[in-house]
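The values are calculated or read from the model by the stated rules, or taken from the named source; none is laboratory data. None of these values were measured; they are calculated from a predicted model. Don't worry about glycine lacking a Cβ; one is built from the backbone with ideal geometry, like all the others, and counts go over all protein chains shown. We work out accessible area using only protein heavy atoms, side chains counted, and drop any ligands, DNA or RNA first. Shrake-Rupley method; radii C 1.70, N 1.55, O 1.52, S 1.80 Å.
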2 protein chains.
Amino acid sequence: MLLGSIEAGGTKFVCSVGDEKFEVQNSINFPTTTPGETLQQAIDYFKQYDVAAIGVGSFGPIDMIRESKTYGYMTTTPKPHWSNTDVMGFLKSQLAVPMYFTTDVNASAYGELIAQGIQNLVYFTIGTGIGAAAIQQGQFIGGISHAEMGHQFVKRHPKDLAFKGICPFHGDCLEGVASGPSLKARTGISGEDIALDSEVWDIQAYYIAQAAISATLTLAPSKLIFGGGVMAQEHMMTRVRTHFKALLNGYVMTPPLEDYLQVTSIANNGAATLGNFALALKELRHKT
Amino acid sequence: MLLGSIEAGGTKFVCSVGDEKFEVQNSINFPTTTPGETLQQAIDYFKQYDVAAIGVGSFGPIDMIRESKTYGYMTTTPKPHWSNTDVMGFLKSQLAVPMYFTTDVNASAYGELIAQGIQNLVYFTIGTGIGAAAIQQGQFIGGISHAEMGHQFVKRHPKDLAFKGICPFHGDCLEGVASGPSLKARTGISGEDIALDSEVWDIQAYYIAQAAISATLTLAPSKLIFGGGVMAQEHMMTRVRTHFKALLNGYVMTPPLEDYLQVTSIANNGAATLGNFALALKELRHKT
């Protein structure tokens with residue numbers, strides 16, 4: 001049996017075919033242009049394979065509430081051409097297999113769940129934007145929508161009070177002060193060129209640690225996992241653990257921080273594809 | 001059939017007996033002294049009635065993970081005599097009925113769930129301390145422990161930067177700057193004596209609104225409900241809605257705020273008792 005994965009990103013789509021063990025057999029990627037062109041490319045790719053089900057992890061915001069009239073739609077995204085697109089309707093009109101629709105970060109979180117064999121986790125991706133997903137007892141968190149934890153407010157670092165933040169909605173929410181582009185906005189230098197001894201890294205880690213604390217206090221997961229470009233730098237996870245420990249100040253028990261706060265365990269950004277395969281299989285079992 | 005409720009508060013215990021419709025038939029309350037004395041008073045009360053099951057909503061922190069070795073214990077509470085008390089063991093040693101053990105704020109949240117007939121909500125209590133509980137699809141949120149949302153960090157109000165906050169663990173976490181006692185610490189005047197046109201109310205509402213936003217972005221509930229002494233003042237809910245709207249700035253859709261952000265719907269602090277009755281019944285059905 002073959003399973004399909006669509007990582008529908010705002011910049012590119014990655015479509016993959018895998019086997020029942022969730023091993024990738026084939027993969028293709030192409031830029032995200034218009035819905036008509038890009039979704040058709042995905043459809044044409046999967047028409048070559050006899051996939052039993054497809055998992056779709058999409059950029060957003062999306063409507064993933066099955067009872068909703070606009071289930072399967074991309075809703076109010078700033079990405080040109082994609083607002084109010086019936087993504088799932090388009091895909092299903094030409095691919096007659098069960099499909100599971102969720103956010104890209106939910107797909108990555110589910111991939112970690114499968115890889116690590118745990119049932120409660122929170123996954124943060126910290127890159128151009130900040131997204132998060134939470135799973136409890138194997139189920140995605142989210143009552144009437146999906147999580148948007150990247151836009152929570154944080155206590156400002158005393159040395160960073162003059163920086164207004166770059167979120168167009170909130171200024172200095174978490175994404176406004178701790179995403180990759182906030183580094184350049186603050187220093188005038190791209191993140192990859194900032195010296196390791198710059199205090200800006202600790203400022204950023206201070207904010208990310210607060211998001212980790214908020215997730216800990218709200219959800220009590222057994223692990224917090226970090227992906228995305230910012231956290232791919234080895235020194236960042238250490239800095240986040242240091243600030244997490246100092247800020248939480250022993251108020252609640254957590255597992256040892258080396259285990260509790262981790263970078264993604266799956267190489268080559270493979271979490272979302274793995275998650276999509278597993279969600280495709282879940283949908284197939286649910287439907288049959 | 002009769003059901004029992006124990007509201008185990010840090011100041012007093014309220015024990016109640018109710019019928020299958022969750023109507024209170026009888027109630028008693030007494031101060032919280034030592035575990036031996038206070039838990040025995042609760043036991044002696046229930047020995048007078050033929051209750052089929054009891055719901056226990058307790059101050060904390062508690063261990064409510066059923067698989068844990070210390071399930072049913074109060075853990076590291078600052079309340080003298082109560083740390084590491086086996087609350088459920090003591091109760092069960094003399095009352096041979098099914099019992100459901102949870103936090104006091106979880107019990108209140110469950111009471112609102114029953115009263116309002118909804119499946120996804122967050123309940124905040126804002127008084128001497130700040131506690132919160134979340135329910136999704138009828139289940140309490142909490143992977144390896146219960147929620148402690150009162151201790152998340154918040155963006156400080158520009159006019160309140162000099163105030164250090166009163167949380168012994170975190171200084172200016174939410175509880176440190178928005179609980180009832182923070183009002184007196186900031187102004188030197190007890191909350192009930194502060195004029196309604198004091199800017200301190202808006203400062204406090206600004207922080208509470210951030211907690212509501214964080215819960216919205218993390219959990220996407222269909223309603224946020226507020227209890228506790230601070231929110232019992234009619235003007236506060238209006239202030240919180242105003243700041244919520246301004247801070248969230250339309251980033252995610254919510255129901256209309258008059259409906260979405262509400263004070264408790266149950267008179268006379270009755271949410272916890274209702275929740276305990278309903279959880280007692282749930283436990284009974286689970287056991288039989």
Do any residues in the range A:71-95 that are assigned by TED's automatic domain parsing to the domain that holds A:GLY57 have Cβ atoms under 9 Å from those of residues that are in a helix (DSSP H, G or I) and at pLDDT below 95, where the two are at least six apart or on different chains, and which pairs are they?
none
Reported set for the range A:246-283 where residues are more than 14 Å from the chain's Cα centre (by Cα), farther than 30 Å from B:THR77 by Cα and open to solvent by less than 30 Å² (accessible area, probe 1.4 Å) is A:PHE277, A:ALA278, A:LEU279, A:ALA280, A:LEU281, A:GLU283
Test: B:ALA107 is within 13 Å of another protein chain (Cβ to nearest Cβ), under 11 Å from the mean Cα position of the chain (by Cα) and either at pLDDT 95 or above or not in a loop (DSSP other than H, G, I, E, B) (or both)
no
Take A:ALA134 and tell me if it is of a type in the set (A, V, I, L, M, F, W, C) and open to solvent by 10 Å² or more (accessible area, probe 1.4 Å).
no
Would you mention how many residues in the range A:76-97 are part of a loop (DSSP other than H, G, I, E, B), closer than 17 Å to A:THR38 by Cα and open to solvent by less than 60 Å² (accessible area, probe 1.4 Å)?
6
Give the residues of the range B:252-288 that are touching a residue at least 24 places away in the same chain (Cβ under 8 Å), in contact with a helix residue (DSSP H, G or I) (Cβ under 8 Å, 6 or more places away or on another chain) and closer than 19 Å to A:GLU148 by Cβ, sorted by residue number.
B:VAL252, B:THR254, B:LEU261
May I ask you to list the residues in the range B:150-188 that are in a helix (DSSP H, G or I), open to solvent by 20 Å² or more (accessible area, probe 1.4 Å) and β-branched (Val, Ile, Thr)?
B:THR187
Answer yes or no as to whether B:VAL200 is open to solvent by less than 10 Å² (accessible area, probe 1.4 Å) and more than 14 Å from chain A (Cβ to nearest Cβ).
yes
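Within the range A:29-59, can you find the residues that are under 20 Å from the mean Cα position of the chain (by Cα) and either over 20 Å from A:SER83 (Cα atoms) or not small (Gly, Ala, Ser) (or both)? Can you show your working first?
Initially, the range A:29-59 is screened for residues under 20 Å from the mean Cα position of the chain (by Cα), giving A:29-32, A:54-59.
Residues satisfying the conditions are A:ASN29, A:PHE30, A:PRO31, A:THR32, A:ILE54, A:GLY55, A:VAL56, A:PHE59.
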Going residue by residue through the range B:232-247, is there one that turns out to be outside any helix (DSSP H, G or I), under 25 Å from A:PRO61 (Cα atoms) and basic (Lys, Arg)?
no
The range A:1-26, residues that are under 20 Å from the mean Cα position of the chain (by Cα), without any contact (Cβ under 8 Å) to a residue 24 or more places away in the chain and in a strand (DSSP E or B):
A:LYS12
Taking the range B:80-102 and keeping only residues that are at pLDDT below 95 and within 17 Å of the chain's Cα centre (by Cα), one is left with none
Collect the residues in the range B:206-237 that are surrounded by fewer than 19 Cβ atoms within 10 Å (Cβ to Cβ) and either among the acidic types (Asp, Glu) or more than 23 Å from B:GLY270 (Cα to Cα) (or both), keeping them in residue-number order.
B:GLU234
Quick test of your reading of the structure: B:TYR100 fulfils all but one of (1) closer than 26 Å to B:LYS21 by Cα; (2) outside any strand (DSSP E or B); (3) hydroxyl-bearing (Ser, Thr, Tyr). Name the failing condition by number.
(2)
